[in-house]
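Peer 1: If you scroll down you'll find the structure; I have some questions about it.
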Amino acid sequence: MTDPATGRPTVVVTGAGRGLGEAMARRAAADGYRVVVAELNEEWGSRTAAEIREAGGAAEFVALDVADPASVEALAARVAPGGPVYGLVNNAALANGVGGREFQDIDVEAWDRLMAVNARGPWLVAKHLLPLMSDPGRIVNIASDAALYGSPRLAHYIASKGAVVALTRAMARELGERGITVNAVAPGLTEVEATETVPAERHALYAANRAIPRPQRPDDLVGLVSFLLDEESRYLTGQVVAVNGGFTMH
Ligand SMILES: NC(=O)c1ccc[n+]([C@@H]2O[C@H](COP(=O)([O-])OP(=O)(O)OC[C@H]3O[C@@H](n4cnc5c(N)ncnc54)[C@H](O)[C@@H]3O)[C@@H](O)[C@H]2O)c1
């Protein structure tokens, strides 16, 4: 599970070019992993990897479109020579500019695109990285508390994140014997670039209903992901943890 070149276990973080993925990649590097920044946007992905290296961490950028099977296969081929993969954080998603329509007004193309990236993507990446994964191994799927709350005017996004939750449970049952844990993290509405365009009414809904009455920041999430990647989380699998200041409780 350790990369022969760096001596560090490899963790692949998808969509790590910016936002929550970038924060998780930085934390994983600080925790001592060699991080593969697997990202659609080349500029953002290479910048994240370069900044991690400048800070003394081990990181490399690999171009990835989680919706494209050939691209996911190419990721596995790129990662394989670096030795076994210890961790996978399935974070990439279309999360920005997707809301605003009631479910009956969402068109089929938008629905299919969201499903291809957000629901099929995590499955496809796990499918192709699984042959490389070590025992123990860790998979963390990034869902959303919108799927737990049932946020309106986001039906295709919510359905895709509900699929991520269900996939997490199925994978956890199938991978337990292999020493691989699979958990989902459901963030709340977090202050990142992607949510700058979220309507004020949704920000107000969160502001009024969090148990911890302050905005959520990326740093509020990375500690849990760090724990879920850590060896110490070995007996925790198939779970969905909402990190949202208590906006949802279940
Ligand atoms: N920010 C929030 O409030 C919030 C809340 C709940 C869940 N989430 C989830 O957290 C994750 C990160 O969200 P974010 O807010 O940082 O959004 P973001 O848009 O800033 O980040 C998503 C990243 O994924 C990349 N990406 C998009 N499509 C891709 C593809 N096909 N292949 C590879 N990479 C792709 C983007 O380029 C981007 O870097 C997502 O799964 C999102 O659904 C975010």
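The values are calculated or read from the model by the stated rules, or taken from the named source; none is laboratory data. No experiment lies behind these values; they were computed from the predicted model shown. With ideal geometry, Cβ positions are generated from the backbone for all residues, glycine too; neighbour counts draw on all protein chains shown. Note: areas computed on protein heavy atoms with side chains; ligands, DNA, RNA excluded. Shrake-Rupley method; radii C 1.70, N 1.55, O 1.52, S 1.80 Å.
Each row is one residue, and each column tells you yes or no for (1) in contact with a helix residue (DSSP H, G or I) (Cβ under 7 Å, 6 or more places away or on another chain); (2) at pLDDT below 95; (3) acidic (Asp, Glu).
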site: 60; (1), (2), (3): yes, no, yes
site: 83; (1), (2), (3): no, yes, no
site: 98; (1), (2), (3): yes, yes, no
site: 102; (1), (2), (3): no, no, yes
site: 105; (1), (2), (3): no, no, yes
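Peer 1: How do the helices (runs of 4 or more DSSP H) wholly within segment 68-151 filter down when requiring 1 or more residues that are of a type in the set (Gly, Ala, Ser), open to solvent by 50 Å² or more (accessible area, probe 1.4 Å) and over 18 Å from residue 11 (Cα atoms): which remain? Before you say what the answer is, go through the steps one by one.
Peer 2: Details: elements: 69-79, 108-114, 120-129, 146-149.
In segment 68-151, 69-79 are the helices (runs of 4 or more DSSP H) which contain 1 or more residues that are of a type in the set (Gly, Ala, Ser), open to solvent by 50 Å² or more (accessible area, probe 1.4 Å) and over 18 Å from residue 11 (Cα atoms).
Peer 1: Go through segment 33-61 residue by residue and tally those that are under 19 Å from residue 120 (Cβ atoms) and either open to solvent by less than 30 Å² (accessible area, probe 1.4 Å) or part of a helix (DSSP H, G or I) (or both). Give the steps one after another, and end with the answer.
Peer 2: Start the filter on segment 33-61 by keeping residues that are under 19 Å from residue 120 (Cβ atoms), which leaves 38-40.
Then drop every residue that is not either open to solvent by less than 30 Å² (accessible area, probe 1.4 Å) or part of a helix (DSSP H, G or I) (or both), which leaves 38-39.
Qualifying residue count for the region: 2.
Peer 1: Hey, any hits in segment 154-176 for a residue that's closer than 15 Å to residue 88 by Cα and among the basic types (Lys, Arg)? Can you show your working first?
Peer 2: To start, the set of residues in segment 154-176 that are closer than 15 Å to residue 88 by Cα comprises 164, 167-168, 171-172, 175.
From the residues that got through so far, the ones that are among the basic types (Lys, Arg) too are none.
No; the residues of segment 154-176 include none that is closer than 15 Å to residue 88 by Cα and among the basic types (Lys, Arg).
Peer 1: Also, I was wondering about something else. Anything in segment 1-15 that is touching a residue at least 60 places away in the same chain (Cβ under 8 Å), more than 7 Å from the ligand (Cβ to nearest atom) and either under 16 Å from the mean Cα position of the chain (by Cα) or open to solvent by 50 Å² or more (accessible area, probe 1.4 Å) (or both)? List them, or say none.
Peer 2: Start the filter on segment 1-15 by keeping residues that are touching a residue at least 60 places away in the same chain (Cβ under 8 Å), which leaves 1-5, 9-15.
If we keep only those that are more than 7 Å from the ligand (Cβ to nearest atom) too, we end up with 1-5, 9-13.
Hits for segment 1-15 are 1, 2, 4, 5, 10, 11, 12, 13.
Peer 1: Looking at (1) among the β-branched types (Val, Ile, Thr); (2) touching a Lys or Arg at 6+ places or on another chain (Cβ under 8 Å); (3) modelled with pLDDT of 95 or more, can you tell me which one residue 240 breaks?
Peer 2: With respect to (1) among the β-branched types (Val, Ile, Thr); (2) touching a Lys or Arg at 6+ places or on another chain (Cβ under 8 Å); (3) modelled with pLDDT of 95 or more, residue 240 is out only on (2).
Peer 1: Restricting attention to segment 16-32, and to residues there that are more than 14 Å from the ligand (Cβ to nearest atom) and in a helix (DSSP H, G or I), which single residue is surrounded by the most Cβ atoms within 10 Å (Cβ to Cβ)?
Peer 2: So the residue we want is 28.
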